[in-house]
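Beneath this line is the structure, given in structure tokens, with notes to follow.
The values are calculated or read from the model by the stated rules, or taken from the named source; none is laboratory data. Fair warning: this is a prediction, and the values are worked out from it, not measured in the lab. Reconstructed Cβ throughout: ideal geometry from the backbone, glycine too, with neighbour counts over all protein chains shown. When the accessible area is computed, the model is the full protein with side chains, heavy atoms only, and any ligands, DNA or RNA have been set aside. Shrake-Rupley method; radii C 1.70, N 1.55, O 1.52, S 1.80 Å.
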2 protein chains.
Amino acid sequence: MRIGELAARAGVSVRALRYYEEQHLLTPDRSPSGQRHYPEAAVEQVRVIQQLYAAGLSSRTIVALLPCVVDGLATPELLARLAAERDRIDAQIAELTATRDRLQSVIGGATDTLLTGRPCRTAN
Amino acid sequence: MRIGELAARAGVSVRALRYYEEQHLLTPDRSPSGQRHYPEAAVEQVRVIQQLYAAGLSSRTIVALLPCVVDGLATPELLARLAAERDRIDAQIAELTATRDRLQSVIGGATDTLLTGRPCRTAN
DNA sequence: CTAAAACCTCACGTCGACGTGAGGGGCAAG
DNA sequence: CTTGCCCCTCACGTCGACGTGAGGTTTTAG
């Protein structure tokens with residue numbers, strides 16, 4: 001399929017797909033006239049890329065991990081990086097959870113304040 | 001305390017503290033000569049700010065929520081924004097968890113491949 | 001008193017994942 | 001043939017949270 005269709009189906013912009021190619025995250029075939037052509041599998045692959053971006057990975061990191069994540073191709077070195085990223089994400093989840101709980105406690109305490117008219121110390 | 005000590009104790013750069021003031025996240029007193037002076041409570045407050053930044057909130061959002069989070073001062077409108085951010089964070093945690101699990105399954109499957117010598121379909 | 005350390009205010013630089021024209025080619029329908 | 005849509009390649013713009021000097025003042029230690 002061509003770039004416009006892939007963009008629509010994967011939910012990203014055409015510009016983003018060209019950018020991914022620039023970063024060596026995708027390597028579509030080219031028609032004689034220079035137009036990009038992608039296989040079906042590209043749709044899922046783009047979604048994976050987006051997911052990794054959303055998890056805070058950089059293009060450089062993703063390009064290193066993609067052969068492993070997409071093709072299941074593994075070396076001990078890649079596995080180590082993969083595990084490192086997993087740990088980073090775990091830490092990030094922990095922090096986000098703490099933040100979420102803090103906001104929630106503020107909401108709870110403040111709602112209480114609104115209802116009772118007197119402030120209620122939050123459990124920090 | 002002065003800006004250097006606050007920076008050290010809160011674990012941020014001096015530049016960052018000046019930036020926070022520019023964004024109206026902190027409003028230190030000034031000595032006659034123009035130097036900033038912060039109360040003890042600023043240490044914790046900076047940590048909160050950092051935590052909110054880390055959760056993906058912008059300066060604009062944080063400045064809106066700070067009176068609520070720090071002083072417990074609440075209006076229905078602020079509570080709504082607070083709840084909206086909490087929901088955003090919940091969604092983010094869910095996505096990160098999915099990503100984490102995907103990486104973990106790749107690690108598991110790949111380790112298996114390394115050990116057995118034959119690829120093992122990951123549970124996607 | 002003096003020198004180092006810490007502070008001040010501009011104000012431009014950075015980095016990454018794209019957005020946004022500018023200017024031009026390719027191809028199916030009427 | 002030409003209208004219109006999709007595609008191409010530069011290449012500069014953006015945004016946010018600071019980094020990094022430049023050039024000058026204030027505070028502190030000896």
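For the reader, a short list of remarks on this structure follows.
- Residue in region B:20-64 that is most open to solvent (accessible area, probe 1.4 Å), counting only those that are more than 10 Å from DNA strand D (Cβ to nearest atom) and within 14 Å of chain A (Cβ to nearest Cβ): B:ARG47
- Contact annotation: residue pairs with Cβ atoms under 9 Å, 6 or more positions apart or on different chains, pairing a residue in region A:29-45 that is more than 16 Å from A:ALA7 (Cβ to Cβ) with a partner that is surrounded by 11 or more Cβ atoms within 10 Å (Cβ to Cβ) and of a type in the set (D, E, K, R), are A:ASP29/A:ARG36; A:ARG30/A:ARG36; A:SER31/A:ARG2.
- Residue that is outside the structural domain of A:ARG2 (by TED's automatic domain parsing), more than 16 Å from the chain's Cα centre (by Cα) and either among the basic types (Lys, Arg) or at negative phi (or both), where the choices are A:GLU40, A:GLU22, A:GLU95, A:GLU85: A:GLU95
- Annotation for region B:67-85: no member residue is touching a residue at least 12 places away in the same chain (Cβ under 8 Å) and out of contact with any helix residue (DSSP H, G or I) (no Cβ under 7 Å at 6 or more places or on another chain).
- Summed over region B:65-82, the residues that are surrounded by 16 or more Cβ atoms within 10 Å (Cβ to Cβ) and either over 14 Å from the mean Cα position of the chain (by Cα) or over 21 Å from B:TYR19 (Cβ atoms) (or both) give a count of 6.
- Taking each residue of region B:100-124 that is small (Gly, Ala, Ser) and looking for partners that are at pLDDT 70 or above with beta-carbon atoms closer than 7 Å, six or more apart or interchain, yields B:GLY109/A:GLY72; B:ALA110/A:CYS68; B:ALA110/A:GLY72; B:ALA110/A:ALA74; B:ALA110/A:LEU79; B:ALA123/B:SER105.
- Whichever residue in region B:1-45 is among the aliphatic types (A, V, I, L, M) and out of contact with any helix residue (DSSP H, G or I) (no Cβ under 8 Å at 6 or more places or on another chain) and, among such residues, is farthest from B:ALA64 (Cα to Cα): B:ALA8
- Residue among B:ASP101, B:ASP29 that alone is among the charged types (D, E, K, R), assigned by TED's automatic domain parsing to the domain that holds B:LEU6 and modelled with pLDDT of 95 or more: B:ASP29
- If you filter region B:1-19 down to residues that are more than 10 Å from DNA strand C (Cβ to nearest atom) and in a helix (DSSP H, G or I), you find that the one that is nearest to the other protein chains (Cβ to nearest Cβ) is B:ALA10.
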